[in-house]
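Chemist: Attaching a single structure in structure tokens format; questions to follow.
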Amino acid sequence: MNKLIKFLDQFDYTYEIIGNSIFVSVDRTFKVEIKFNSNSTIISHKKKSWTMLGGFNNIRFEITLIFNSIFLAVFFLLLLFEVEFISYEIKMIIMFLNIIFYSWFFYYLIKFEVFKSKVEEILFENI
């Protein structure tokens with residue numbers, strides 16, 4: 001745990017220690033929780049504010065990917081079948097917004113996974 005705190009201080013991460021957990025602000029919109037149990041270490045993410053991924057809800061990345069994939073598939077089918085009550089322009093705008101969502105999703109996912117791998121490397125370096 002001391003090596004991790006030294007790493008966080010070295011790279012000017014904002015963090016807070018509460019009990020057996022360290023909450024690290026990785027970005028202004030989400031933070032990573034590193035929870036130390038007697039036998040294991042759990043690294044997870046929590047949202048701090050609104051994001052394009054899940055609004056204000058604290059939803060995991062995997063769930064937002066599932067919901068938005070379903071959303072994309074439905075509008076792709078509407079685009080293919082040319083449903084008349086939704087104009088072509090509206091369908092294209094929705095498809096464009098979904099593409100923007102996927103860009104944000106992979107940005108946050110990669111940022112989280114890179115930070116997680118750094119933390120795991122520090123914590124399990126001598127094991």
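The values are calculated or read from the model by the stated rules, or taken from the named source; none is laboratory data. No experiment lies behind these values; they were computed from the predicted model shown. No Cβ is skipped: glycine too gets one built from the backbone with ideal geometry, and neighbour counts run over all protein chains shown. When the accessible area is computed, the model is the full protein with side chains, heavy atoms only, and any ligands, DNA or RNA have been set aside. Shrake-Rupley method; radii C 1.70, N 1.55, O 1.52, S 1.80 Å.
Chemist: Here is a check on your reading of the model: is Phe101 part of a helix (DSSP H, G or I) and either more than 30 Å from Ile5 (Cα to Cα) or at pLDDT below 85 (or both)?
Modeler: Yes; evaluated as a whole, the condition is true for this residue.
Chemist: May I ask you to list the residues in region 29-50 that are among the basic types (Lys, Arg) and at pLDDT 85 or above?
Modeler: Within region 29-50, Lys35 is the sole residue that qualifies.
Chemist: Separate question: Could you tell me how many of the residues in region 75-98 are assigned to a helix (DSSP H, G or I) and open to solvent by 70 Å² or more (accessible area, probe 1.4 Å)?
Modeler: Of all residues in region 75-98, those assigned to a helix (DSSP H, G or I) come to 75-81, 88-98.
So of that shortlist, the ones also open to solvent by 70 Å² or more (accessible area, probe 1.4 Å) come out as 76-77, 80-81, 88-90, 92-93, 96-97.
Qualifying residue count, region 75-98: 11.
Chemist: Determine which member of the set Leu53, Leu4 is at pLDDT 75 or above, surrounded by 13 or more Cβ atoms within 10 Å (Cβ to Cβ) and at negative phi.
Modeler: Leu4
Chemist: Out of the residues in region 31-47 meeting the condition of being of a type in the set (Ser, Thr, Tyr) and assigned to a strand (DSSP E or B), tell me which one is least open to solvent (accessible area, probe 1.4 Å).
Modeler: Filtering region 31-47 down to residues of a type in the set (Ser, Thr, Tyr) leaves 38, 40-41, 44.
With the extra rule that they be assigned to a strand (DSSP E or B), the set shrinks to 41, 44.
Details: Thr41: 42, Ser44: 22 Å².
Result: Ser44.
Chemist: Something else: Within region 100-126, restricting attention to residues that are over 16 Å from the mean Cα position of the chain (by Cα) and farther than 20 Å from Lys31 by Cβ, which residue is surrounded by the fewest Cβ atoms within 10 Å (Cβ to Cβ)?
Modeler: Ranking the qualifying residues of region 100-126, first place goes to Asn126.
Chemist: Cβ contacts < 8 Å: first residue surrounded by 14 or more Cβ atoms within 10 Å (Cβ to Cβ), restricted to region 10-23; second residue assigned to a loop (DSSP other than H, G, I, E, B), any location; separation 6+ or different chain. Result?
Modeler: Close Cβ pairs satisfying both conditions: Tyr13/Val26; Ile22/Met1.
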